[in-house]
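Below: the structure, in structure tokens.
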Amino acid sequence: MKKFLSGLLMAAISFGCLIPAMGQEPKLEEVTKIDNYMQNVVEVTHNPFAQENLPATFSASKNNDETISNKEVSDELNIKQYDIDECEQVYMVNEDFFDKINNGEISISEDDFVWYVPIVNAERKNGVVIFDDCNGDLLPISMSIPQNNSSSKIMKKREVESIIKRGNLNCKKMIYFILPTLHDAAVSVYIETDSDEKYVMVVDNTIYDRMLQPGQLYTVEEVKNLI
């Protein structure tokens, strides 16, 4: 299992020569596995961390132990619906992030990523379930329900594209990734235009960093100065 939490804190970025494969669509077979898993969750238990949904060999993280052993399913964990069509592959960044960004680059890891699946819980609040590769199985590692619930935790691609078009820009490449900040980490999008301009947009509506505003286009230089 990838060290997701440490990836959030230790993540690193480099904006420039990104690997073309990272711009491809998510692997269909992985999305299908997540879809099948979520169907079982919604139709059977409504709880992504219920023991019956996890392989016997799966060792839950410390954060999930209490949830799995507790037979009382809270409303927050009780999933009413999910949207597999909005599932996003979110990449981590390399350890040389702070060195690279000083040179105007952002280096995103091509091998380290998680999946974000939008959900609605029993209280009709929006959120996401995050999936990772756990010993060969795609399994949920965390669930988040933002306090400010006017929208999903992360902006959808069509929302990002709409903002880009309003800026009279044409998007050539869009990659979701974890942006490390001074006090936190936020799901963001790397954007490359057809005129080779490069931007970053925070798409995580739960970020508490007042310097970075979700939905705002930032140049690499601006990101460097803000984080």
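Summary table
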| item | result |
| --- | --- |
| Answer from Asn205, Asn168, Asn225 - the residue that is within 25 Å of Cys87 (Cβ to Cβ) and not hydrophobic (A, V, I, L, M, F, W, C) | Asn205 |
| Lone qualifier among Ile175, Ile141, Ile130, Ile163 - being β-branched (Val, Ile, Thr), outside any strand (DSSP E or B) and under 25 Å from Asp83 (Cα atoms) | Ile163 |
| Identity of the residue in the stretch 116-144, of a type outside the set (Lys, Arg) and more than 15 Å from the chain's Cα centre (by Cα), that ends up most open to solvent (accessible area, probe 1.4 Å) | Asn135 |
| Residue within the stretch 205-226 that is assigned to a strand (DSSP E or B), under 30 Å from Val41 (Cβ atoms) and touching a residue at least 24 places away in the same chain (Cβ under 8 Å) present | no |
| Of all residues making up the stretch 174-191, the number that are modelled with pLDDT of 90 or more and not polar (S, T, N, Q) | 10 |
| So Val189, is it buried (at least 22 other Cβ atoms within 10 Å of the Cβ) and not in a loop (DSSP other than H, G, I, E, B) | yes |
| Filtered residues of the stretch 74-98 (kept if without any contact (Cβ under 8 Å) to a residue 12 or more places away in the chain and either more than 20 Å from the chain's Cα centre (by Cα) or more than 19 Å from Val189 (Cα to Cα) (or both)) | Ser74 |
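The values are calculated or read from the model by the stated rules, or taken from the named source; none is laboratory data. Remember, predicted model here, so these are calculated numbers, not experimental data. Here the Cβ is made from the backbone with ideal geometry for all residues, glycine too, and neighbour counts use every protein chain on show. Just so you know, the surface numbers come from the protein's heavy atoms only, side chains and all, with ligands and any DNA or RNA stripped out. Shrake-Rupley method; radii C 1.70, N 1.55, O 1.52, S 1.80 Å.
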